[in-house]
1. Of the conditions (1) modelled with pLDDT of 80 or more; (2) on the phi > 0 side of the Ramachandran plot, GLY116 clears all except one; give me its number.
2. Is it fair to say THR42 is part of a strand (DSSP E or B), among the polar types (S, T, N, Q), closer than 25 Å to VAL108 by Cβ and open to solvent by 30 Å² or more (accessible area, probe 1.4 Å)?
3. Would you say GLU89 is part of a loop (DSSP other than H, G, I, E, B) and at pLDDT 85 or above?
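The values are calculated or read from the model by the stated rules, or taken from the named source; none is laboratory data. Everything quoted here is computed from the prediction, not taken from an experiment. FYI the Cβ positions are ideal-geometry reconstructions off the backbone, even for glycines, and counts take in every protein chain you see. Note: accessible area is taken over every heavy atom of the protein model, side chains too, but ligands, DNA and RNA are not part of it. Shrake-Rupley method; radii C 1.70, N 1.55, O 1.52, S 1.80 Å.
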Amino acid sequence: MFNLDLILVILCVAISSAADITMFENNVVVYKFVQDLHFFVTGSEDENELILVTVLQGFFDAVGLLLRGNVDKKEALENLDIILLCLDEIVDGGIILETDANVIAGKVASHSMDAGGPLSEQTISQALATAREHLTRSLLK
């Protein structure tokens with residue numbers, strides 16, 4: 001219900017290319033609309049809005065780099081594994097690990113090379129196994 005209510009409130013606000021900030025049910029919500037995609041980062045009301053904007057911008061820029069600037073719904077769905085790996089590189093257990101888009105994209109790209117082929121050519125189970133291995137390695141560091 002939170003997701004649906006949030007989307008309804010956000011859609012009533014003017015859409016711009018910059019990240020916008022709002023409060024919703026005691027949460028800070030930072031969002032950005034690009035073509036037919038909606039990017040959201042949420043945090044508790046005590047979170048620093050500038051940090052959340054930095055996370056959102058780093059995530060969006062890394063996705064843009066990995067998708068070669070073609071950020072739309074079709075590309076996002078076809079490369080969902082890459083997008084999820086971006087999220088894995090940015091946040092772990094609610095702790096922000098990285099916000100630099102170049103570093104995030106580099107780690108995701110090198111990880112796809114380590115997996116023996118492009119992530120887009122793997123089956124979903126292979127991609128999930130790869131993501132699980134990556135998460136395990138990051139936890140053991």
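1. Only one criterion in (1) modelled with pLDDT of 80 or more; (2) on the phi > 0 side of the Ramachandran plot is unmet by GLY116, namely (1).
2. So THR42 passes the test.
3. Working: part of a loop (DSSP other than H, G, I, E, B): no; at pLDDT 85 or above: yes.
Against the criterion (part of a loop (DSSP other than H, G, I, E, B) and at pLDDT 85 or above), GLU89 does not qualify.
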